[in-house]
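See below for the structure under consideration.
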Amino acid sequence: MKKVITYGSFDLFHEGHYNLLKRAKALGDYLIVGVTTEQYDESRGKLNIVDSLDKRIENVRQTGFADEVIVEDHPGQKTEDVQKYNIDIFTVGSDWIGTFDYLKDYCRVVYLDRTKNISSTMLRAKEFPIQRIGIIGTGRIAERFMPEAALVSGVNAQCVYNPHMESARAFARKWGIDACEDLEAFYRASDIVYIASPHGTHYAYIKQALEHEKHVLCEKPMCLKREQAAELSACAK
């Protein structure tokens with residue numbers, strides 16, 4: 001019997017989690033799912049966990065894919081579990097590529113592609129809806145933003161825009177999100193707009209995002225003129 005193990009917080013359970021568990025189960029005959037405690041998540045930098053541990057475990061069980069559910073509560077447990085349960089395959093999402101290569105000494109390690117375009121209908125049906133983040137800019141700062149966003153519960157990096165489409169497409173391929181060819185499509189796909197473009201473009205992008213009634217996060221400086229800052233502040237209010 002081929003044993004597979006995977007781990008996650010599984011907070012605000014959505015179809016991305018469902019698809020990951022479905023594909024993990026398909027890798028073998030017996031699937032063990034480790035669900036992390038709130039305390040362990042906080043210790044490794046995961047922010048804003050909403051659902052209780054019991055609710056997250058129950059959501060995993062309800063999928064029908066897990067043959068066994070365990071609790072992960074301390075560093076080093078993955079290595080312990082792989083050996084304890086005689087695991088053949090360890091698997092997690094592709095946003096963790098390379099992180100768990102050390103487990104190759106004990107079993108096969110598989111990184112599964114993340115689910116793109118998580119359904120807004122499914123997300124908004126929740127008591128605490130997941131917010132879709134759209135990213136403007138594809139440079140060094142945007143690259144640093146992506147792994148940090150993955151550690152915040154309740155958000156999902158959804159799409160990217162850059163007027164230079166090749167840059168947008170390359171960024172999208174790397175991070176498994178969509179590249180939007182125009183700003184109107186970008187705003188339709190986003191609840192939060194994160195701006196990491198050149199400084200001189202911040203004012204126009206912030207104003208346009210606010211006019212589309214989006215939440216805005218912008219790298220400093222917010223803009224280059226005091227009167228622009230006052231105008232944007234008034235617009236946001």
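The values are calculated or read from the model by the stated rules, or taken from the named source; none is laboratory data. Here the structure is a predicted model, which means the values were calculated and not measured. Methodologically, a virtual Cβ is constructed for each residue, glycine included, from the backbone with ideal geometry; neighbour enumeration extends over all protein chains shown. With ligands, DNA and RNA removed, areas are computed over all heavy atoms of the protein, side chains included. Shrake-Rupley method; radii C 1.70, N 1.55, O 1.52, S 1.80 Å.
Summarising the amide proton neighbourhood of Leu12: residues at separation of 5 or more, or on other chains, whose placed amide H is nearer than 5 Å comprise Val50, Asp51.
The heavy atoms of Lys3 offer some 50 square angstrom of accessible surface to a 1.4 angstrom probe. Given contacts defined as C-alpha pairs under 8 Å and at least six residues apart, what's the relative contact order of the chain, whole-number percent? The value is 17 percent. With 20 Å as the limit on Cα-Cα distance, the pairs of Lys46/Lys104; Lys3/Lys174; Lys3/Lys78; Lys174/Lys207; Lys22/Lys104; Lys55/Lys78 that go past it are Lys46/Lys104; Lys3/Lys174; Lys174/Lys207; Lys22/Lys104; Lys55/Lys78.
Taking the 0 to 90 degree range and rounding to the nearest ten, how far is the long axis of helix 165-175 tilted relative to the main principal axis of the chain, both from C-alpha atoms? Once rounded, one gets 30 degrees. Computed in the context of the full set of protein chains, the accessible area of the chain at 1.4 Å probe radius has 49% of its extent on carbon or sulfur.
The stretch between Gln131 and Thr201, if pulled fully straight at 0.36 nm per residue, gains 22.8 nm over its current Cα-Cα span. Remark: accessible surface ordering of Leu53, Leu47 (largest first) is Leu47, Leu53, probe radius 1.4 Å.
Springs join every pair of Cα atoms under 10 Å in this Gaussian network model of the chain, and among Gly93, Gly154, Gly139 the largest mean-square fluctuation is at Gly139.
Check the straight Cα-Cα distances from Lys237 and name the aspartates and glutamates below 14 Å, setting aside those fewer than 8 residues away within the same chain. Filter leaves Glu211, Glu213. Using θ = phi - 60° in the Karplus curve 6.51 cos²θ - 1.76 cosθ + 1.60, the 3J(HN,Hα) couplings for region 231-236 round to 4, 5, 4, 5, 4, 5 Hz; x is entered for Gly and Pro.
Phi angles across region 181-191 convert, under the Karplus curve 6.51 cos²θ - 1.76 cosθ + 1.60 with θ = phi - 60°, into 3J(HN,Hα) values of 7, 9, 5, 5, 5, 4, 5, 5, 8, 10, 9 Hz, Gly and Pro given as x.
As a ratio to 2.2 N^0.38 Å, the alpha-carbon radius of gyration for region 1-157 is 1.03.
3J(HN,Hα) along region 85-94: 9, 6, 6, 8, 9, 9, 9, 8, x, 5 Hz, from the Karplus curve 6.51 cos²θ - 1.76 cosθ + 1.60 with θ = phi - 60°, whole Hz, x for Gly and Pro. Extending 7 Å from Cα along the Cβ direction at Met222 and again at Lys55 yields two label points whose distance is 3.3 nm.
Could you tally the net charge around Thr37, taking each other residue with its Cβ under 10 Å from the Cβ of Thr37, Lys/Arg +1 and Asp/Glu -1? For residues surrounding Thr37, the net value is -4. Sorting Arg140, Arg56 by solvent-accessible area of protein heavy atoms yields Arg140, Arg56, largest first, with a 1.4 Å probe. Of the residues Val152, Val82, ranked by 1.4 Å probe accessible area with the largest first, the sequence reads Val152, Val82. Heavy atoms of the protein chains alone define the surface here; on that basis the chain has 52 Å² accessible area per residue at 1.4 Å probe size.
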